[in-house]
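Q: Before I ask anything, let me first share the structure, which is written out below as structure tokens.
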């Protein structure tokens, strides 16, 4: 009973000077919760003593946790450039600074300066995308999954959409094409087999209820060996012949020729635009190297119908997304690949990666064991499945720590590496040069130097 009576009163407790610069309502709320928890633990016997200093520290820790940003900066030493779990593509700092000036001011997001009346938000980015791709019109939604849903709901609700069985994909987060089609109101018509689909499979299944011939990019797997699929150009031709809409869900689209022969397996959007598709969609934050967005391009008449769908208001993007996306695509138009971090990392030669790795190795040579190795990594983000690119890495061993402990210790210091062949390593494909100093500091901290 004495212990219960010694619990401080809230109004007196919060008079502690360490709370002076904090938000009083939040301090009060946290204090009430901490004291109530203490009261319950005293009653059940799990707490037999406490000090007011301990309570103050508990409140301060909880306050700090609640008010500190949850998202934290990390160093990506996995080698995966478009790492879905680590935020995918990076934004160029100079581009972000230019956009910062825009979004911290009123702007003409939906205002036509020439006419002095309401304008359309998509017009700001349409010109540059049309210039790059040679398409008739453009629409931007919040991601490519939204693009798929909007297109199907607009043109295939209560109608049939023909898709190859070998393209009924599931990507991260259990996003399944058949489920999206069902929720959009479209009826899926599967054709062909898992490993082989022919043009006649599509043609033989066209009925009066068919509205669309759809092709889906195999984002995270590939079918090899005794297999074949219908080229998109053939679908475009068949759709035109039958008076149907052709649509290619490209997943991860890109606007440049990829290095290391990757273009053979994942052609650019430009290649497909030569076939004058009805509609085509792809992601903004993957190989394009920009922000999360779903980019829909194609015939003006179809884009116009998409804009009239009431669902668009729920899927549209804001001024920040539009401005950053325009920056990235303009950089591609001008050939300034160094201003698109994803592309810069992808095109960096292994000689440059080796120099960076050696600079780190030299700096930590007297602290820990390390070995420079040639390795291979993936681009990530559901792109170029089963294809790898060359990279350079350093294996790191401090004291007698095993690889799993090494991985954990570096992760706790906000450096995410990987384990390969029972060794912990830092892959330099996605490590920025200005991050090497931070890595050196972390190595010293772990080694207690």
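The values are calculated or read from the model by the stated rules, or taken from the named source; none is laboratory data. Here the structure is a predicted model, which is why all the values come from computation and not from measurement. Glycine gets a Cβ as well: all are built from the backbone with ideal geometry, and neighbour counts include every protein chain shown.
Q: Of the numbered conditions (1) under 30 Å from residue 249 (Cα atoms); (2) not in a strand (DSSP E or B), residue 443 fails exactly one; give the number of that condition.
A: The number of the failed condition is (1).
Q: Now for a separate question. Of all residues in region 97-127, count the ones that are surrounded by 15 or more Cβ atoms within 10 Å (Cβ to Cβ), under 28 Å from the mean Cα position of the chain (by Cα) and outside any helix (DSSP H, G or I).
A: Here the count works out to 3.
Q: Determine, yes or no, whether residue 102 is out of contact with any strand residue (DSSP E or B) (no Cβ under 7 Å at 6 or more places or on another chain) and either without any contact (Cβ under 8 Å) to a residue 24 or more places away in the chain or not assigned by TED's automatic domain parsing to the domain that holds residue 303 (or both).
A: no
Q: Also, I was wondering about something else. Restricting attention to region 301-324, and to residues there that are in contact with a helix residue (DSSP H, G or I) (Cβ under 6 Å, 6 or more places away or on another chain) and buried (at least 20 other Cβ atoms within 10 Å of the Cβ), which single residue is farthest from residue 128 (Cα to Cα)?
A: 306
Q: What is the one condition in (1) at pLDDT 95 or above; (2) crowded, with 20+ Cβ neighbours inside 10 Å that residue 362 does not satisfy?
A: (2)
Q: If the requirement is being touching a residue at least 12 places away in the same chain (Cβ under 8 Å), buried (at least 24 other Cβ atoms within 10 Å of the Cβ) and on the phi > 0 side of the Ramachandran plot, which of these qualifies: 289, 294, 284?
A: Answer to the selection: 289.
Q: May I pose another question? Taking the options 130, 165, name whichever one is free of Cβ contacts under 8 Å to residues at least 24 places away in the same chain and surrounded by 14 or more Cβ atoms within 10 Å (Cβ to Cβ).
A: 130
Q: Can you name the condition, by its number, that residue 68 falls short on among (1) closer than 30 Å to residue 87 by Cβ; (2) in contact with a helix residue (DSSP H, G or I) (Cβ under 7 Å, 6 or more places away or on another chain); (3) modelled with pLDDT under 95?
A: Failed condition: (2).
Q: Right, next: Taking the conditions exactly as written (at pLDDT 90 or above, surrounded by 16 or more Cβ atoms within 10 Å (Cβ to Cβ) and in contact with a strand residue (DSSP E or B) (Cβ under 7 Å, 6 or more places away or on another chain)), does residue 190 satisfy them or not?
A: Answer is yes for this residue.
Q: Given (1) surrounded by fewer than 19 Cβ atoms within 10 Å (Cβ to Cβ); (2) in a strand (DSSP E or B), identify the lone condition not met by residue 391.
A: Going through the list (1) surrounded by fewer than 19 Cβ atoms within 10 Å (Cβ to Cβ); (2) in a strand (DSSP E or B), residue 391 breaks only (1).
Q: Same structure, new question: For region 326-349, give me the residue count where each residue is assigned to a helix (DSSP H, G or I) and over 22 Å from residue 384 (Cβ atoms).
A: Qualifying residue count for the region: 5.
Q: Criterion first (at negative phi, part of a loop (DSSP other than H, G, I, E, B) and out of contact with any helix residue (DSSP H, G or I) (no Cβ under 9 Å at 6 or more places or on another chain)) does residue 157 satisfy it?
A: no
Q: Select, from 374, 352, the only residue that is in a strand (DSSP E or B), more than 18 Å from the chain's Cα centre (by Cα) and in the same structural domain as residue 432 (by TED's automatic domain parsing).
A: 374
Q: Follow-up. Is it fair to say residue 355 is at pLDDT 95 or above, exposed (fewer than 15 other Cβ atoms within 10 Å of the Cβ) and under 16 Å from residue 122 (Cβ atoms)?
A: When the stated conditions are applied, residue 355 does not pass them.
Q: Which residue, of 161, 177, 169, is in contact with a strand residue (DSSP E or B) (Cβ under 9 Å, 6 or more places away or on another chain) and at pLDDT 90 or above?
A: 161
Q: Just one of 253, 261 is modelled with pLDDT under 95 and touching a strand residue (DSSP E or B) at 6+ places or on another chain (Cβ under 7 Å); which is it?
A: Answer to the check: 253.
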